[in-house]
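Peer 1: Have a look at this one before I ask anything.
No lab work stands behind these numbers, since they all come straight from the coordinates. If you're wondering where the values come from, they're calculated on a predicted model, not measured in any experiment. Here Cβ is always computed from backbone atoms with ideal geometry, including for glycine, and neighbour counts include all displayed protein chains.
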Amino acid sequence: MIFTLRPYQQEAVDATLNHFRRHKTPAVIVLPTGAGKSLVIAELARLARGRVLVLAHVKELVAQNHAKYQALGLEADIFAAGLKRKESHGKVVFGSVQSVARNLDAFQGEFSLLIVDECHRIGDDEESQYQQILTHLTKVNPHLRLLGLTATPFRLGKGWI
């Protein structure tokens, strides 16, 4: 099945690529619920030159993001105990935060891009699973790019992402 990005999705992809060409700092894409974040993730993963890890906090989002990527005719691994799959060697890996954080040794290869779906869930705690994963991946590749996607860029008690 062939998907065509809507204009606002293509703008998000283009803006992200332009950002990472010019900056090493993390980027955030804000799209409302139902706007097709999974398709934006799939397109960015497809365009990435290096390996990509896409994280989500629930298995349903892992499966949804993986399905959109596969719908582009591409293959990717899944690393999520809840989906009974632990594959981590592909160019693109869709994983649950919990499973990846508990199995960091399975992620020894270099990733060029870490995409976090529902990134408003990332806390400031240095010991959080998100931080453990980020620390591990940046040890392997100090030039790792970080991209977050969310529909809610404002966190109660913490402010804007």
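Peer 1: Go through the range 47-141 and name the GluC sites (Glu not before Pro) that are in a DSSP coil and have 11 or fewer other Cβ atoms within 10 Å of their Cβ. Mind showing how you got there, number by number?
Peer 2: Details: sites: Glu60, Glu75, Glu87, Glu110, Glu118, Glu126, Glu127; in loops: Glu75, Glu87, Glu110, Glu118, Glu126, Glu127.
In loop regions of the range 47-141 (DSSP not H, G, I, E or B), the sparsely surrounded GluC sites (Glu not before Pro) are Glu75, Glu126, Glu127.
Peer 1: Give, in nm to one decimal, the length gained when the segment between Gln70 and Glu110 is fully stretched (0.36 nm per residue of separation minus the Cα-Cα distance).
Peer 2: On the way: separation 40, 0.36 × 40 = 14.40 nm, distance 2.23 nm.
Full extension of this stretch gives 12.2 nm more.
Peer 1: Taking the range 1-107, which chymotrypsin sites (Phe, Trp or Tyr not before Pro) meet the DSSP loop condition and have no more than 15 other C-beta atoms within 10 Å?
Peer 2: For chymotrypsin sites (Phe, Trp or Tyr not before Pro) across the range 1-107 that sit outside H, G, I, E and B with at most 15 neighbouring Cβ atoms in 10 Å, the list reads Phe3.
Peer 1: For the chain, which span is the longest to avoid every loop-located (per DSSP) member of trypsin sites (Lys or Arg not before Pro) having at most 14 other Cβ atoms inside 10 Å?
Peer 2: 85-157
Peer 1: Could I ask something else about it? Pull out a ≥ b ≥ c, the square roots of the eigenvalues of the alpha-carbon gyration tensor of the chain, then state rounded if a/c is under 1.5, prolate if not and a/b is larger than b/c, and oblate in the remaining case.
Peer 2: Rounded is the answer for the chain, as its axis ratio a/c remains below 1.5.
Peer 1: While we're looking at this one, here's another question. Starting from the Cα of Lys84, draw a straight line to each of the lysines and keep only those under 17 Å, dropping any in the same chain fewer than 8 residues away.
Peer 2: Lys59
Peer 1: As a check on your grasp of the helix formula, calculate [θ] at 222 nm for the chain: sum -39500 (n - 2.57) over DSSP H runs of n ≥ 4, divide by the residue count, round to the nearest 500.
Peer 2: -11000 deg cm²/dmol
Peer 1: What aspartates and glutamates sit close enough to Lys68 to cross-link, taking a C-alpha to C-alpha distance under 20 Å and skipping anything fewer than 8 places away on the same chain?
Peer 2: Once the sequence-local aspartates and glutamates are set aside, what remains near Lys68 is Glu11, Asp14, Glu43, Glu60, Asp77, Glu87, Asp117, Glu118.
Peer 1: Within the set of other residues whose C-beta is less than 11 Å from the C-beta of Lys86, count the net charge using Lys and Arg as +1 and Asp and Glu as -1.
Peer 2: Net of charged neighbours comes to +1.
Peer 1: Then there's this: Which listed residue (Leu55, Pro153, Tyr69) has the Cα farthest towards the positive end of the charge dipole for the chain, taking +1 on Lys and Arg C-beta and -1 on Asp and Glu C-beta about the Cα centre?
Peer 2: Tyr69
Peer 1: Percent relative contact order of the range 38-161, based on C-alpha pairs within less than 8 angstrom and at least six residues apart?
Peer 2: 25 percent
Peer 1: Roughly speaking, what is the stretch gain from Lys139 to Arg46, that is 0.36 nm per residue apart minus the C-alpha to C-alpha distance, in nm to one decimal?
Peer 2: 31.1 nm is the gain from fully extending Lys139 to Arg46.
Peer 1: Something else now. Count the net charge of all other residues whose Cβ sits under 11 Å from the Cβ of Val58, scoring Lys and Arg as +1 and Asp and Glu as -1. Write down the numbers at each step before the final one.
Peer 2: On the way: positive: Lys59, Arg121; negative: Glu60, Asp117, Glu118.
Residues close to Val58 contribute a combined charge of -1.
Peer 1: Taking every DSSP beta bridge with both residues inside the chain, roughly what % is antiparallel (nearest 5)? Can you show the working numbers first?
Peer 2: Numbers: 4 of 25 bridges.
That works out to approximately 15 percent antiparallel.
Peer 1: Report the local net charge at Ser112: Lys and Arg +1, Asp and Glu -1, summed over other residues whose C-beta lies under 9 Å from its C-beta.
Peer 2: Summing Lys/Arg as +1 and Asp/Glu as -1 gives +2.
Peer 1: Right, something else. Please give, to one decimal in nm, the separation of the simple spin-label points placed at Asn18 and Gln132, each 7 Å out from Cα toward the Cβ.
Peer 2: Taking the two extended label points, one gets 3.9 nm.
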